[in-house]
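Notes follow once the structure below has been shown.
Just so you know, all these numbers are worked out from the coordinates, no wet-lab data involved. Remember, it's a predicted structure, so these values are computed and weren't measured experimentally. Note that each Cβ is placed from the backbone with ideal geometry, even for glycine, and that neighbours are counted across all protein chains shown.
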Amino acid sequence: MKGFKEFILRGNVIDLAVAVVIGTAFTAIVNSLVANIFNPAIGALFQASSLDALWVVTLPSISGEDAEIRFGAVIGAVLQFLIIAAVVYFVLVLPINHLKKSAFARQKAEDEATPENLPPTEAELLIEIRDLLAGRPSPEGTQNPRG
C-alpha cells in the first residue's frame, strides 16, 4: 500500500492527470472550432452545408441500404488534427525548447567560468596542506624524507 501511495503522490502522475484533463477540454474547443467555423466556411466555399456533406460517395449495397464514404468528414478530421498539432507546437514545444536552449547555454557559460572565480576544491586544499606540511621540519627535528 505504501508503494501505491508513493506512486500516486509522485509529481509525474499528478502532472499527467492535469495534462489529460486540459487536453480533453482543449479537444472540445478544437472540435467546436472545426464543426462551427471551418466546416461551414469550407462547405460554403464548395457549395455544401458543411465538410461532412462535401464529397460524399454513395455505394450501393446488397442489403438495399446505400453506404456512404464521406471524404469531407475526413478532411475535417485532418483539419482538426492540424489545428491541435499547431497549437501544441507553438504554445508548448517551441517555448519549452527555447527555455531548454537558454538553460543549456547558461549552464555551459557557468561550466566555462575562469578558475580564479571558483573556490578551491577539497582535493586542492588537501594537496596544499600536504605540501605545506612537507616543507616543515618534523617534531624530531629532521626533514620529512617524502619531500
Inset, instruction - Work out the charge dipole of the chain with +1 on the Cβ of Lys and Arg and -1 on the Cβ of Asp and Glu about the Cα centre, then indicate which of Ala48, Ala86, Ile127 is farthest towards its positive end. - result: Ile127
Inset, instruction - Beyond 26 Å, what share of the Cα-Cα pairs of the chain is found? Please give it as a whole percent. - result: 67 percent
Inset, instruction - For helix 94-111, report the angle its Cα long axis makes with the longest principal axis of the Cα atoms of the chain; keep it between 0 and 90° and round to the nearest 10°. - result: 10 degrees
Legend entry - All lysines inside 22 Å of Lys100 as judged from Cα atoms, apart from same-chain residues fewer than 8 positions distant: Lys108
Legend entry - Folded to 0 to 90 degrees: helix 122-135 orientation relative to the chain principal axis, Cα: 10 degrees
Inset, instruction - Pick out, from Gly64, Phe104, Gly23, the residue whose Cα sits farthest towards the positive end of the charge dipole of the chain, with +1 on the Cβ of Lys and Arg and -1 on the Cβ of Asp and Glu. - result: Gly23
